[in-house]
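Participant: Have a look at this one.
Readers should treat all values here as calculations from the given coordinates under stated rules, not as data from a laboratory. Since the model is a prediction, treat every value here as computed from it, not as a measurement. Neighbour counts run over all protein chains shown; Cβ positions are idealised from the backbone, glycine included.
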Amino acid sequence: NAGVIQTPRHKVTGKGQEATLWCEPISGHSAVFWYRQTIVQGLEFLTYFRNQAPIDDSGMPKERFSAQMPNQSHSTLKIQSTQPQDSAVYLCASSRQGNNQAPLFGEGTRLSVL
Amino acid sequence: QQKVQQSPESLSVPEGGMASLNCTSSDRNFQYFWWYRQHSGEGPKALMSIFSDGDKKEGRFTAHLNKASLHVSLHIRDSQPSDSALYFCAASEHGGGSNYKLTFGKGTLLTVTP
């Protein structure tokens, strides 16, 4: 079975440019999560969707970050006017409905803002 | 303040030895715990969950939870070089389903030396 697919694996942008990261969750999973990983901050929660509806975006920097889930097969994380401090690995995870269902992570997208 | 704290930051054990990792939550709402493992260049992979007081064993891995102190530990018996990875403790307010997000600690870097 294919796991969570994230594209691209690596993205390099210039300061001020826009970056769009893609996530394809595991088929049949009802929740999609976005996390950001850096050496200093570790794994930080950004936002999540359940059945395509936004549930909690408490971790999202409000001004330049946005996430969408237009259909059950993909979610996007968009960062406008990227800054060097946005450089991180962005991880997407999905989980199935039911007890004891661990969110399963993709391999991540490494974003480098020059 | 970090709501999920892990110790030690790094740990080195000889092949065949026992590795013990610790995690404490400062938020009493966090009653449900997961352990994840991340090898370099990959996304985190779920190892096991523990929701009840006491021990839970899965192969060479044993987790122990003390809900009164919100302390959870992970013990790896007969450690192998392939166990070398970054281990995360994660906590949530709910035990399952797609109704929860995980809050992660900063991780323990385990090195198993041949």
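Participant: By average Cβ neighbour count within 10 Å, what is the ranking of B:61-67, A:100-106, B:13-19 from highest down?
Facilitator: Highest-to-lowest ranking by the protection proxy: A:100-106, B:61-67, B:13-19.
Participant: Extending each Cα 7 Å along its Cβ direction at B:His94 and B:Ala68, get the distance between those two points in nm, one decimal.
Facilitator: 3.0
Participant: Given the convex hull over the Cα atoms of chain B, what projected area results after averaging over all orientations, in nm²?
Facilitator: 6.9
Participant: Please identify, among A:Asn99, A:Asn51, A:Asn71, the residue showing maximal mean-square fluctuation in a Gaussian network model of chain A using a 10 angstrom Cα cutoff.
Facilitator: Top of the fluctuation ranking is A:Asn99.
Participant: Provide the per-residue ³J(HN,Hα) series for segment B:4-11, in order, calculated from phi with Karplus coefficients 6.51, -1.76, 1.60 and θ = phi - 60°, each as a whole number of Hz, with x at glycine and proline positions.
Facilitator: Along segment B:4-11, the couplings run 10, 10, 10, 8, x, 5, 9, 8 Hz.
Participant: Another one. Within 10 Å of each Cβ in peptide A:43-49, how many partner chain Cβ atoms are there on average? Round it to a whole number, please.
Facilitator: Partner-chain Cβ atoms within 10 Å, mean over residues of A:43-49: 4.
Participant: Average partner chain C-beta neighbours within 10 Å, per residue of A:94-102?
Facilitator: For this peptide, the per-residue mean of nearby foreign Cβ atoms is 6.
Participant: Please give, to one decimal in nm, the separation of the simple spin-label points placed at A:Ser27 and B:Gln80, each 7 Å out from Cα toward the Cβ.
Facilitator: Each label point lies 7 Å from its Cα, and together they span 3.1 nm.
Participant: Percent of Cα-Cα pairs more than 21 Å apart in the protein assembly as shown, please.
Facilitator: Percent of Cα pairs beyond 21 Å in the protein assembly as shown: 55.
Participant: So what does log10 I(q)/I(0) come out to for segment A:25-111 at q = 0.21 Å⁻¹, using the Debye formula with one equal point on every Cα and no solvent?
Facilitator: Listed by q, the Debye log ratios stand at -1.02.
Participant: In whole Hz, with x marking every Gly and Pro, tabulate ³J(HN,Hα) for segment A:95-109 from phi via Karplus 6.51 cos²θ - 1.76 cosθ + 1.60, θ = phi - 60°.
Facilitator: Each residue of segment A:95-109 in turn: 9, 8, 5, x, 6, 6, 9, 6, x, 9, 8, x, 7, x, 10 Hz.
Participant: Oh, and also: What is the magnitude of the charge dipole of segment A:1-87 about its Cα centre, with +1 placed on the Cβ of each Lys and Arg, -1 on the Cβ of each Asp and Glu, and no other charges, expressed in debye to the nearest 20?
Facilitator: For segment A:1-87, the charge dipole is close to 160 debye.
Participant: Residue by residue, what Karplus-based ³J(HN,Hα) values in Hz, rounded to whole numbers, does segment B:56-72 have, using 6.51, -1.76 and 1.60 with θ = phi - 60° and x for Gly and Pro?
Facilitator: 9, 10, 9, x, 7, 9, 10, 9, 10, 10, 10, 5, 5, 9, 6, 10, 10
Participant: Cα-based Rg of segment B:8-72 per 2.2 N^0.38 Å, rounded to two decimals?
Facilitator: Against the compact-globule rule of thumb, the ratio is 1.20.
Participant: Turning to a different aspect of this structure: Just need the relative contact order of chain B here, percent rounded to a whole number, with Cα pairs under 8 Å and 6+ apart.
Facilitator: Once divided by the residue count of chain B, the mean separation gives 37 percent.
Participant: For a footprinting-style exposure proxy, rank A:Cys92, A:Cys23 by other Cβ within 10 Å, fewest first.
Facilitator: So the ranking, lowest neighbour count to highest, is A:Cys23, A:Cys92.
Participant: Could you work out, residue by residue across A:33-40, how many beta carbons of other chains sit within 10 Å of that residue's beta carbon, and then give the average as an integer?
Facilitator: 2
Participant: Continuing with the same structure: Under the rule of at least 5 residues apart or a separate chain, name every residue whose amide H is placed under 5 Å from the amide H of A:Gln17.
Facilitator: Those qualifying (amide H under 5 Å, at least 5 residues apart or on another chain) are A:Thr82.
Participant: Among all the lysines, which ones have a C-alpha under 18 Å from A:Lys78's C-alpha, if same-chain residues fewer than 8 places away are not counted?
Facilitator: A:Lys11, A:Lys15, A:Lys62
Participant: Taking neighbour counts of Cβ atoms within 10 Å as a proxy for exposure, in what order, fewest first, do B:Thr113, A:Thr82 appear?
Facilitator: Lowest count first: B:Thr113, A:Thr82.
Participant: Here is a follow-up. Using the Kirkwood formula over every pair of different C-alpha atoms, what hydrodynamic radius in Å results for segment B:46-101?
Facilitator: 12.6
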